[in-house]
Amino acid sequence: MTDFSRAAAKHLIERYYHQLTEGCGNDSCSNAWCSSSRGSHRLDNNAAAVKALELYKINAKLCDPHPSKKGTTMNHCVRDDFKAVTEYYMYVNYLTEEKVYEILHICGEKEDYSPLIRVIGRVFSSAEGLVQSFRRSKPPTKEELKSLQSKDEDKDEDEEEAAACSAAAMEEDSPGSSSRLDGAASGDNDVGKLGPDEVSVDIDAVRRVYQRLLSNDKIEAAFLNALVYLSPNVECDLTYHNVYSRDPNYLNLFVVVMENSNLHSPDYLEIALPQFCRAMSKLPLPALAKLARLWSHYSAEQIHRIMETFQQLITYKVVSNEFNSRNLVNDDDAVVAATKCLKIVYYANVMGGEVDTEHNEEEDEEPIPESSELTLQELLGEERRNKKGPRVDPLETELTIRTSDSRRPLIPFQEFVNEPLNEVLEMDKDYTFFKVETENKFSFMTCPFILNAVTKNLGLYYDNRIRMYSERRITVLYSLVQGQQLNPYLRLKVRRDHIIDDALVRVSPRSFCSSYLKKQLYVEFEGEQGVDEGGVSKEFFQLVVEEIFNPDIGMFAYDERTKMFWFNPSSFENEGQFTLIGIVLGLAIYNNCILDVHFPMVVYRKLMGKKGTFRDLADSNPVLYQSLKELLEYEGSVEEDMMITFQISQTDLFGNPLMYDLRENGDQIPVTNKNRKEFVAQYAEYMLNKSVEKQFKAFRRGFHMVTNESPLKYLFRPEEIELLICGSRNLDFQALEETTEYDGGYSRDSRIIKEFWETLHSFAEEQKRLFLQFTTGTDRAPVGGLGKLKMIIAKNGPDTDRLPTSHTCFNVLLLPEYDTKEKLRERLLKAILYAKGFGML
């Protein structure tokens, strides 16, 4: 027992004693344990001493001294005791929940919180003090239990000492002491059961302490000032002294500080929080992983609070500074540090939600052929980038979890996107830092969760373009060395009426290395004069998709209810055609084209390496999903009432039934209440994986032939991959009007332009899509919506009977200045309804 504890207890118990024997001096006192109250009974000195000890233990009410008692022995004693106890505060180097409440109680009696403020300032500004504070008690070992038994034998002796010195009622204070408050509510999640990664700090106790203290403005200022002093020292310890490896409990101080619910307030954002984020970002990888695992046990509300703390700092720094190409946001230490800290919360959010780490697609057995130009690249000092495969986040590896494992995070992923940051980020510079991978320059692409789909798509665009230029340069140099005339482009010359056959011949996986597909695409339709600046490629993709997804071909089955396509398990087509559609999807991303494909989300999850499971049937086959869901929820006897077995049936292309056993001799195994979960899981496994295994593997192989070296999987989630390939289905033509530019004499205020937009807005939805197809080559909006589409309307002469024309490569509409609005509408509708093919104007 410390001297401080003895003095504090002595002071309180003596107050109870004087209250019982002398009273507070207030004749109207209503405190039953005060001799000044009317209903009180006089106690002798011995009885009063015993009662005072009991009142101390239950934290009974203490009266304030009445003015008439000023100058009495009691008040003199209080002043002396407060002064004596205050001297002991100088030696408090760590805190427990009980100790905080002791000091708070004594300070509240005097209405003087300066001693508590000094203690908080000293402990919370000291890394060593915080590490030792609010320790949680560990389960006792056998040796400790024996020691406790011997202490129980001395219990009576201890209580006699307590009565004598007025202090034995307090438990011994130590760094490992546990919370003393009975019935205290814990957090929403049990953070005390963290397995091998448990921390020694009592988090629930910390939360209760903050809740009691932060309501006092003066005490809150002590936390703020202490954090300003603490953070630089912690940063130094982690940078130069490797303190975490010597004492893993060093992580405690970060846990304690982050429980402060006021960290996102304006007072902290200027100095204290930026400094603390810089210190936290210096934690070694194992410590970051341990912190993420700890936070993954927090509730969604708690995760949101921590996330919001870092987001507030990032937003505050972004809006209070003028970032541009000369003053990069990448160079702001506070924004960078907060983003690194936000990554910890992001992975905690993933792990704390619903995750599936088991159902993973198997890797392709046959490796994708490497480029034959590798030797030349090495000679030129240009070894192929990402030779060991796509980039993987180190924290993701340490935690053995991926974003694609998440089925439902604690809070939506969109909450982690910081729009103000996206607006000021110079993506060309950021991409350079991402590829160089230097310690001196931070790239926000290493934290893709904070970027929106538009910004990430721009980074992917830079990666694809640089790869195209690299392949072009390598091809030219290879031609000079070998003396052969090689084509620097992926040139496809196809016939409209044989587009699939011609495409298969040109991009057959057996005829080239994967690097061939990474050249810039150049499409030419036989017999047409169109020059491919992007528009011809768009139509090529559209025609290939229309042909391959034609239900008459039988490669994909179309569901009228969901309007989705799925792989036909009984298709007669060879694997090459499924590989082709995979290549087409990859090339569409690589060449920044949008395709009109309608796959359920499970296809994109499978492309990202995750198998389909029962819950994926919800959007791919909702009728089957609902039936299986009702089976799982059925309260009667499944075996007797439903009479189903582990044998299922499907129909082939001709409507003939095909039987499949989910288990060996499945027709002999009834589905029961006990095994129905297994039945449902195996049913989904068959429908989404086994039945289409051959088709999907070929499809995935084609996709990876184009994207295997791309940061695609690193940057994007499955739903964002769908957005990249298919574009947005929501068409906001008002946003398109606001961003459209004009040329050739037209302006926003021109008569013909006003009439044009009035006409376009009056079109039906299908007519608007046809206009978009006519002008841009696709009827979908790009990532970010139509507001991100740079359309130009240019004047194409005076009034005429000619139809409007377009350059789909550049999203340019050539519009004659028609005399009337009616003629404009008639000419425009005819142009969009009968537009097909390319010609020279």
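A few points about this structure:
- Unmet requirement for residue 474, which otherwise passes all of (1) among the hydrophobic types (A, V, I, L, M, F, W, C); (2) at pLDDT below 80; (3) surrounded by fewer than 17 Cβ atoms within 10 Å (Cβ to Cβ): (3)
- Some residue of region 439-455 being open to solvent by 20 Å² or more (accessible area, probe 1.4 Å), β-branched (Val, Ile, Thr), in the same structural domain as residue 304 (by the TED database) and part of a loop (DSSP other than H, G, I, E, B): no
- Enumeration of residues in region 790-816 that are closer than 23 Å to residue 593 by Cβ, of a type in the set (A, V, I, L, M, F, W, C), part of a loop (DSSP other than H, G, I, E, B) and open to solvent by 20 Å² or more (accessible area, probe 1.4 Å): 809, 810
- In region 583-614, residue farthest from residue 729 (Cα to Cα) [restricted to those that are of a type in the set (Gly, Ala, Ser) and crowded, with 23+ Cβ neighbours inside 10 Å]: 612
- Search result, residues across region 548-564 that are touching a helix residue (DSSP H, G or I) at 6+ places or on another chain (Cβ under 9 Å) and modelled with pLDDT of 85 or more: 548, 549, 555, 556, 559, 561, 562, 564
- Test: residue in region 256-265 that is open to solvent by less than 10 Å² (accessible area, probe 1.4 Å), in contact (Cβ under 8 Å) with a residue 60 or more places away in the chain and farther than 28 Å from residue 107 by Cβ: no
- Residue 575, sole failed condition from (1) more than 28 Å from residue 774 (Cα to Cα); (2) open to solvent by less than 10 Å² (accessible area, probe 1.4 Å); (3) of a type outside the set (Lys, Arg); (4) touching a helix residue (DSSP H, G or I) at 6+ places or on another chain (Cβ under 6 Å): (2)
- Remark: residue 621 falls outside the filter, which requires a residue to be touching a residue at least 24 places away in the same chain (Cβ under 8 Å), more than 20 Å from residue 557 (Cβ to Cβ) and not hydroxyl-bearing (Ser, Thr, Tyr).
- Per the listing 819, 779, the residue uniquely on the phi < 0 side of the Ramachandran plot, without any contact (Cβ under 8 Å) to a residue 40 or more places away in the chain and either part of a loop (DSSP other than H, G, I, E, B) or open to solvent by 20 Å² or more (accessible area, probe 1.4 Å) (or both) is 819.
- Residue that is modelled with the lowest pLDDT, among those in region 133-148 that are of a type outside the set (Lys, Arg) and closer than 18 Å to residue 204 by Cβ: 139
- If you go through region 266-282 and keep only what is of a type outside the set (Gly, Ala, Ser), open to solvent by less than 10 Å² (accessible area, probe 1.4 Å) and under 19 Å from residue 129 (Cβ atoms), you end up with 276, 280.
- Put simply, of 313, 288, 328 the only residue that is closer than 24 Å to residue 243 by Cβ and in contact (Cβ under 8 Å) with a residue 40 or more places away in the chain is 288.
- Within region 295-318, the residues that satisfy the criterion of being surrounded by 22 or more Cβ atoms within 10 Å (Cβ to Cβ) and among the polar types (S, T, N, Q) are 296, 302, 309, 311.
- Selection from region 456-473 of residues that are under 19 Å from the mean Cα position of the chain (by Cα) and either of a type in the set (Lys, Arg) or in the same structural domain as residue 783 (by the TED database) (or both): 456
- For region 319-331, a residue qualifies if it is surrounded by fewer than 21 Cβ atoms within 10 Å (Cβ to Cβ) and either part of a helix (DSSP H, G or I) or among the acidic types (Asp, Glu) (or both), and the qualifying residues are 319, 322, 330, 331.
- Boolean, residue 787 is crowded, with 20+ Cβ neighbours inside 10 Å and part of a helix (DSSP H, G or I): no
- For residue 292, the stated conditions do not hold, so it cannot be described as farther than 29 Å from residue 218 by Cα, surrounded by fewer than 22 Cβ atoms within 10 Å (Cβ to Cβ) and among the small types (Gly, Ala, Ser).
- Every residue from region 35-54 that is over 15 Å from residue 22 (Cβ atoms) and either in contact with a strand residue (DSSP E or B) (Cβ under 9 Å, 6 or more places away or on another chain) or outside any loop (DSSP other than H, G, I, E, B) (or both): 46, 50, 53, 54
- Filter result for residue 194 (modelled with pLDDT under 80, within 26 Å of the chain's Cα centre (by Cα) and surrounded by 12 or more Cβ atoms within 10 Å (Cβ to Cβ)): yes
- Per the listing 720, 741, 737, the residue uniquely among the acidic types (Asp, Glu), under 30 Å from residue 573 (Cα atoms) and either modelled with pLDDT of 90 or more or under 30 Å from the mean Cα position of the chain (by Cα) (or both) is 720.
- Filter pass, residue 751 being surrounded by 13 or more Cβ atoms within 10 Å (Cβ to Cβ) and among the charged types (D, E, K, R): no
The values are calculated or read from the model by the stated rules, or taken from the named source; none is laboratory data. Just so it is clear, the structure is predicted and the values come from calculations on it, not from any experiment. With ideal geometry, Cβ positions are generated from the backbone for all residues, glycine too; neighbour counts draw on all protein chains shown. We work out accessible area using only protein heavy atoms, side chains counted, and drop any ligands, DNA or RNA first. Shrake-Rupley method; radii C 1.70, N 1.55, O 1.52, S 1.80 Å.
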